[in-house]
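The values are calculated or read from the model by the stated rules, or taken from the named source; none is laboratory data. Bear in mind that the values here come from a model prediction, so they are computed numbers and not experimental data. As a convention, Cβ positions derive from the backbone with ideal geometry for all residues, glycine included, and neighbour counts pool all protein chains shown.
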Amino acid sequence: MTAASDRTVFAIDIGGTKIAAAEVRGGRLLDRRQTVTPRTGSGDDLVAAIASLAPKHAFDAIAVATTGIVRDGALTALNPQTLPIENGYPLARALDKALGVPPLVVNDAQAAAWAEFCVGAAHGFRNFAFFTVSTGIGCGLVIDGHLQTGATGLAGHAGHMMSDPGGAMCGCGRRGCLETIASGTALARLGSERLGRPVGAPDLFAAARQGDANAAEVIGSAINALVDGFADLTAAVDVDCFAVGGGVGLADGFIAALEARSRLLPAVFQRPIVAAQAGADAGLLGAALLSEGNFHLK
C-alpha cells in the first residue's frame with residue numbers, strides 16, 4: 001500500500017472562470033496548471049476540460065473542489081451565473097469514467113476551510129469559519145473538528161444568508177443575500193451606480209483610498225453586512241474564529257475594517273477575524289487532504 005506521504009493526488013479546483021489543477025504529494029502542490037472553465041452549460045464539457053489537465057502518468061487518487069452544491073458526487077450550481085451546469089450533474093461518475101479513478105468531490109469553500117483548519121489560520125480552534133470574499137462569497141465551517149458538508153451539501157453557503165430582505169435579486173433566486181451586498185461582483189455593481197461610471201472592486205477601493213465618500217460608503221455597507229453575517233453564524237454554531245480570504249477579503253485594510261466594525265457588536269458576538277493563510281490554492285490542498293479520509297481533528 002502506498003504510504004500517505006508518498007501518495008500522488010490529482011487535485012482540481014473548479015471555479016466560474018478557471019479550472020486549476022496540481023499534483024499533491026506530501027502536502028506539496030506540484031506542477032500546477034490551469035485552463036478556462038467552459039461555460040456551455042454542459043457537465044461533459046467540464047469533464048473534458050479537467051481531463052485535459054490530468055497527468056499522463058499514474059496517480060493514486062483524484063480530489064475535486066468545486067463551486068456549487070455537491071451531493072453524493074453530483075454537482076448543482078446554487079448560482080448558475082457562477083457556473084452554468086445541469087442540475088445534479090453526476091460529476092464523480094463522469095470523472096471516474098473519463099480518468100479511471102473514482103474521485104472525491106467537495107465544495108470549494110468547504111475544501112479551503114479544511115486546508116485552513118489543518119495547516120492555516122485555524123491553529124488552536126475547533127470551531128472555525130472560513131470566508132472567501134471574491135467574485136462571490138463562499139464559506140466553509142468546521143465544528144468541533146468536523147468539516148460540515150450537510151445532508152444535501154448546502155452547509156456553509158453563508159453568502160446566501162439574507163442580509164437585506166428588500167435587496168437585489170441573487171443568482172440563487174432569493175433577494176438580498178449577503179453576496180448581493182459584499183461580494184466583488186456586488187461592489188462593482190453598487191460602486192458603478194454610486195460613482196456614475198463603470199468600476200470594478202479594485203477601482204472602488206482605490207477611489208475610497210483617495211477620499212471618495214461614495215466609494216467608502218459602498219465598502220462600508222459590505223463591511224457591515226459581513227460582520228452581521230459573522231455574528232449570525234456565531235449565534236447559530238458558536239464559531240471561535242473567522243478567517244477571511246479572497247481578492248476582496250485580502251484587500252488592503254479590509255480585515256482591519258471588519259475587526260473595527262466587529263468591536264461595535266455586543267461582546268457575546270465578538271470573535272477574532274484573521275487573514276486566511278493557506279493561499280490562493282487552498283481549495284486544491286484542502287481537497288487533497290480530504291482525500292486522505294481524515295475528516296476529524298486528531
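Residues checked against (1) without any contact (Cβ under 8 Å) to a residue 40 or more places away in the chain; (2) under 18 Å from ASN127 (Cβ atoms); (3) assigned to a loop (DSSP other than H, G, I, E, B); (4) in the same structural domain as ILE14 (by TED's automatic domain parsing):
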{"residue": "ALA222", "(1), (2), (3), (4)": "no, no, no, no"}
{"residue": "PHE230", "(1), (2), (3), (4)": "no, yes, no, no"}
{"residue": "VAL239", "(1), (2), (3), (4)": "no, yes, yes, no"}
{"residue": "PHE242", "(1), (2), (3), (4)": "no, yes, no, no"}
{"residue": "VAL248", "(1), (2), (3), (4)": "no, no, no, no"}
{"residue": "ALA251", "(1), (2), (3), (4)": "no, no, yes, no"}
{"residue": "ALA257", "(1), (2), (3), (4)": "yes, no, no, no"}
{"residue": "LEU264", "(1), (2), (3), (4)": "yes, no, yes, no"}
{"residue": "ARG271", "(1), (2), (3), (4)": "no, yes, yes, no"}
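Just a yes or no: is a residue in the stretch 26-37 surrounded by fewer than 21 Cβ atoms within 10 Å (Cβ to Cβ), among the basic types (Lys, Arg) and either touching a Ser or Thr at 6+ places or on another chain (Cβ under 6 Å) or in the same structural domain as CYS172 (by TED's automatic domain parsing) (or both)?
Within the stretch 26-37, not a single residue is surrounded by fewer than 21 Cβ atoms within 10 Å (Cβ to Cβ), among the basic types (Lys, Arg) and either touching a Ser or Thr at 6+ places or on another chain (Cβ under 6 Å) or in the same structural domain as CYS172 (by TED's automatic domain parsing) (or both).
Within the bounds of the stretch 101-117, is there any residue that is at pLDDT 95 or above, over 23 Å from THR37 (Cβ atoms) and not aromatic (Phe, Trp, Tyr)?
Within the stretch 101-117, one or more residues are at pLDDT 95 or above, over 23 Å from THR37 (Cβ atoms) and not aromatic (Phe, Trp, Tyr).
Looking only at the stretch 47-96, which residues are assigned to a loop (DSSP other than H, G, I, E, B) and among the polar types (S, T, N, Q)? Steps first, answer last, please.
Taking the stretch 47-96 first, the residues assigned to a loop (DSSP other than H, G, I, E, B) are 52-60, 67-68, 72-73, 77-88, 90.
Residues satisfying the conditions are SER52, THR67, ASN79, GLN81, THR82, ASN87.
Kindly establish whether ALA182 is under 14 Å from SER221 (Cα atoms) and in contact with a Leu (Cβ under 7 Å, 6 or more places away or on another chain).
For ALA182, the condition - under 14 Å from SER221 (Cα atoms) and in contact with a Leu (Cβ under 7 Å, 6 or more places away or on another chain) - is met.
What residue, of PHE205, PHE125, PHE131, is in contact (Cβ under 8 Å) with a residue 60 or more places away in the chain and either under 13 Å from GLY249 (Cα atoms) or aliphatic (A, V, I, L, M) (or both)?
PHE131
Mind checking whether some residue in the stretch 161-177 is of a type outside the set (Phe, Trp, Tyr), without any contact (Cβ under 8 Å) to a residue 40 or more places away in the chain and either within 30 Å of ARG126 (Cα to Cα) or assigned by TED's automatic domain parsing to the domain that holds ASN87 (or both)? Spell out how you get there, then give the answer.
Initially, the stretch 161-177 is screened for residues of a type outside the set (Phe, Trp, Tyr), giving 161-177.
Adding the requirement that they be without any contact (Cβ under 8 Å) to a residue 40 or more places away in the chain leaves 162, 165-169, 173-177.
Among the residues that remain, those that are also either within 30 Å of ARG126 (Cα to Cα) or assigned by TED's automatic domain parsing to the domain that holds ASN87 (or both) are: 162, 177.
Checking the stretch 161-177: at least one residue is of a type outside the set (Phe, Trp, Tyr), without any contact (Cβ under 8 Å) to a residue 40 or more places away in the chain and either within 30 Å of ARG126 (Cα to Cα) or assigned by TED's automatic domain parsing to the domain that holds ASN87 (or both).
Would you be able to say whether some residue in the stretch 183-196 is buried (at least 24 other Cβ atoms within 10 Å of the Cβ) and assigned to a loop (DSSP other than H, G, I, E, B)?
Yes, because at least one residue in the stretch 183-196 is buried (at least 24 other Cβ atoms within 10 Å of the Cβ) and assigned to a loop (DSSP other than H, G, I, E, B).
Considering only the stretch 273-286, state which residues are of a type in the set (A, V, I, L, M, F, W, C) and either in contact (Cβ under 8 Å) with a residue 60 or more places away in the chain or part of a loop (DSSP other than H, G, I, E, B) (or both).
Within the stretch 273-286, VAL274, ALA275, ALA276, ALA278, ALA280, ALA282, LEU284, LEU285 qualify.
Given (1) modelled with pLDDT of 95 or more; (2) touching a strand residue (DSSP E or B) at 6+ places or on another chain (Cβ under 8 Å); (3) not charged (D, E, K, R), where does SER291 come up short, assuming only one miss?
Looking at each condition in turn, SER291 falls short on (1).
Test each condition in (1) over 30 Å from ALA267 (Cβ atoms); (2) of a type in the set (A, V, I, L, M); (3) touching a strand residue (DSSP E or B) at 6+ places or on another chain (Cβ under 6 Å) for ALA213 and report the one that comes out false.
(3)
From the list GLY88, GLY73, which one is at pLDDT 95 or above and farther than 25 Å from LEU289 by Cβ?
Values: GLY73 fails: farther than 25 Å from LEU289 by Cβ.
Unique residue meeting the criteria: GLY88.
Residue by residue, here is whether (1) farther than 23 Å from GLY184 by Cβ; (2) out of contact with any strand residue (DSSP E or B) (no Cβ under 8 Å at 6 or more places or on another chain) holds:
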{"residue": "ARG7", "(1), (2)": "yes, no"}
{"residue": "PHE10", "(1), (2)": "yes, no"}
{"residue": "ILE14", "(1), (2)": "no, no"}
{"residue": "ARG25", "(1), (2)": "yes, no"}
{"residue": "THR37", "(1), (2)": "no, no"}
{"residue": "THR40", "(1), (2)": "yes, yes"}
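Of the numbered conditions (1) in contact (Cβ under 8 Å) with a residue 24 or more places away in the chain; (2) more than 19 Å from GLY156 (Cα to Cα), ARG189 satisfies every one except a single condition; which is it?
Unmet for ARG189, out of (1) in contact (Cβ under 8 Å) with a residue 24 or more places away in the chain; (2) more than 19 Å from GLY156 (Cα to Cα): (1).
Tally time: how many residues in the stretch 80-133 are closer than 27 Å to PHE205 by Cα and surrounded by fewer than 21 Cβ atoms within 10 Å (Cβ to Cβ)?
1
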